[in-house]
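**Student:** Before I ask anything, let me first share the structure, which is written out below as structure tokens.
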Amino acid sequence: MRIIPVALIPGDGIGPEVVAEAQRVLDQVARMSGRFRFQYRSFDWSCQYYLAHGKMMPDDGLKILQDFEAIFLGAVGFPPVPDHVSLWGLLLPIRREFDQYVNLRPVKLLRGIESPLREVAPGEIDFIVIRENTEGEYSNSGGRLRQGTPQEVVVQNAVFTRYGTERVIRYAFERAVHSRQHVTSATKSNGLNFSMPFWDEVFRSVGQAYPQVKQELYHIDALAAYFVTRPKSFDVVVASNLFGDILTDLGGAITGGIGIAPSANINPEKRYPSMFEPVHGSAPDIAGRGIANPIGQIWTGALMLEHFGLMAEAELLIDAIEATLLDGVKTPDLGGRHTTRDVTDHIIQRLTAWEKAPE
Ligand code: NAD
Ligand code: IPM
Ligand code: MN
């Protein structure tokens, strides 16, 4: 049996609520599979930790994480710690230090969920967004001059390297080759006159090696609208860091809400641990009430299974999520009246029932 060391960072707000539930589900999948076991070690790095220690994680935090094969994270960020302090103290350094340059975010309408869009049936929205995850608009470069004065000037630089842009676009093409042979690129080369013309150039040049793949470029503003007006028409969408961030909350919204949307921060070469965390944040408005939707975190667990080649296990887990939704067991964000725990219990029940009587 394969033992996979996983670092758990439940984090803030609803993070610990949904991580604990996802762990219960993953343990059940592991029991049924018999092929693997996640060996967890939990870290309390969070805004609470910051209030006690003046930092989001210990100085050797990244070094500690390096020894794990994966990081399973809930969410980071909670008042009164300013968001740029908490996120740049924990989440973003992990993505960058471990070169998790692919942020893979499936946008899929599951059975049992009704899209807010008209005339869209389950299965009809089914694409992935590949978000660049280590540079671009999140390059940690800039500054404030004459702070607080009427003459204040603020600069936030976006840094695009050829190496960084090429590799994420190539990854998107490779995914499309094994999917429906279609890549859509998010651009904004009309308004952003350095970064995005460069992005487009690299997209076209990488695309030359994939003549069989349909290639489209849309300005990010138009593309956002197409997500709403014709979401069935996408296969693989590739976007820079910020554009991909925005597009994937929208992707969540058209497939039932961000409470279900999963996400994987991957270092494809597996030189470093990859990190698995849902698209949503710590949801301070509903934290502590037991009503957070655990499906985003649980589905993210399925992406972690896939990352380790446990495809049948991942599929089983997604089937159990869909069965639960079809049974009408849903948290309030999906129009239901069930708790976080009810949903998880039901998913586990579904798995257990299949274990006893395989279909
Ligand atoms: P958010 O995703 O936390 O919440 C947005 C809205 O979605 C809220 O109304 C919330 O209640 C709802 N929501 C989110 N997850 C849900 C779930 N599982 N079930 C039901 N409803 C859910 O985004 P925000 O409000 O912009 O950010 C809150 C905090 O989280 C901030 O500190 C932000 O920086 C942080 N954040 C962290 C991550 C991360 O760690 N990966 C991601 C996004 C935001
Ligand atoms: C996400 C989040 C983060 C991001 C924030 C919290 C920095 O919104 O993972 O989507 O922008 O990457
Ligand atoms: Mn986001």
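The values are calculated or read from the model by the stated rules, or taken from the named source; none is laboratory data. On a predicted model such as this, the values are computed, not experimentally measured, just so you know. As a convention, Cβ positions derive from the backbone with ideal geometry for all residues, glycine included, and neighbour counts pool all protein chains shown.
**Student:** Looking for whichever is over 24 Å from Thr161 (Cβ atoms), within 15 Å of ligand 2 (Cβ to nearest atom) and not in a helix (DSSP H, G or I) here; the options are Pro80, Pro106. Which one fits?
**Tutor:** Numbers: Pro80 fails: within 15 Å of ligand 2 (Cβ to nearest atom).
None of the other options fit; the residue is Pro106.
**Student:** Out of Thr161, Thr165, which single residue is over 18 Å from Lys214 (Cα atoms) and surrounded by fewer than 15 Cβ atoms within 10 Å (Cβ to Cβ)? Reasoning before the result, please.
**Tutor:** On the way: Thr165 fails: surrounded by fewer than 15 Cβ atoms within 10 Å (Cβ to Cβ).
Answer to the selection: Thr161.
**Student:** Something else: Can you tell me how many residues within region 172-213 are among the polar types (S, T, N, Q), in a loop (DSSP other than H, G, I, E, B) and in contact with an Asp or Glu (Cβ under 8 Å, 6 or more places away or on another chain)?
**Tutor:** Start the filter on region 172-213 by keeping residues that are among the polar types (S, T, N, Q), which leaves 179, 181, 184-185, 187, 189-190, 193, 195, 205, 208, 212.
After this cut, where a residue has to be in a loop (DSSP other than H, G, I, E, B) as well, the list is 179, 181, 189-190, 193, 208, 212.
Adding the requirement that they be in contact with an Asp or Glu (Cβ under 8 Å, 6 or more places away or on another chain) leaves 179, 181, 189.
Residues that pass the stated criteria total 3.
**Student:** Take residues that are modelled with pLDDT of 95 or more, more than 13 Å from ligand 1 (Cβ to nearest atom) and of a type in the set (Asp, Glu) and tell me which of the helices (runs of 4 or more DSSP H) falling wholly in region 243-359 contain 2 or more.
**Tutor:** Working: elements: 295-307, 311-326, 340-356.
Passing ranges, in order: 311-326, 340-356.
**Student:** Further question: Tally the residues that are of a type in the set (Ser, Thr, Tyr) and near ligand 2 (Cβ under 10 Å from one of its atoms), restricting the search to region 229-271. Even if it seems obvious, please write down each step before you answer.
**Tutor:** Narrowing region 229-271 to residues of a type in the set (Ser, Thr, Tyr): 229, 233, 240, 248, 255, 263.
The next check asks that each one be near ligand 2 (Cβ under 10 Å from one of its atoms); those that pass are 248, 263.
The qualifying residues number 2.
**Student:** Which residues, taken from region 110-140, are surrounded by fewer than 18 Cβ atoms within 10 Å (Cβ to Cβ) and of a type in the set (Val, Ile, Thr)?
**Tutor:** Within region 110-140, just Val120 meets the criteria.
**Student:** I need every pair where a residue in region 217-235 that is among the β-branched types (Val, Ile, Thr) has its Cβ under 7 Å from the Cβ of a residue that is in a helix (DSSP H, G or I) and at pLDDT below 95, sequence separation at least 6 or different chains.
**Tutor:** Cβ pairs passing all conditions: none.
**Student:** Do you know which residues across region 281-292 are without any contact (Cβ under 8 Å) to a residue 60 or more places away in the chain and either within 16 Å of ligand 2 (Cβ to nearest atom) or farther than 24 Å from Pro82 by Cα (or both)?
**Tutor:** Result: Asp285, Ile291.
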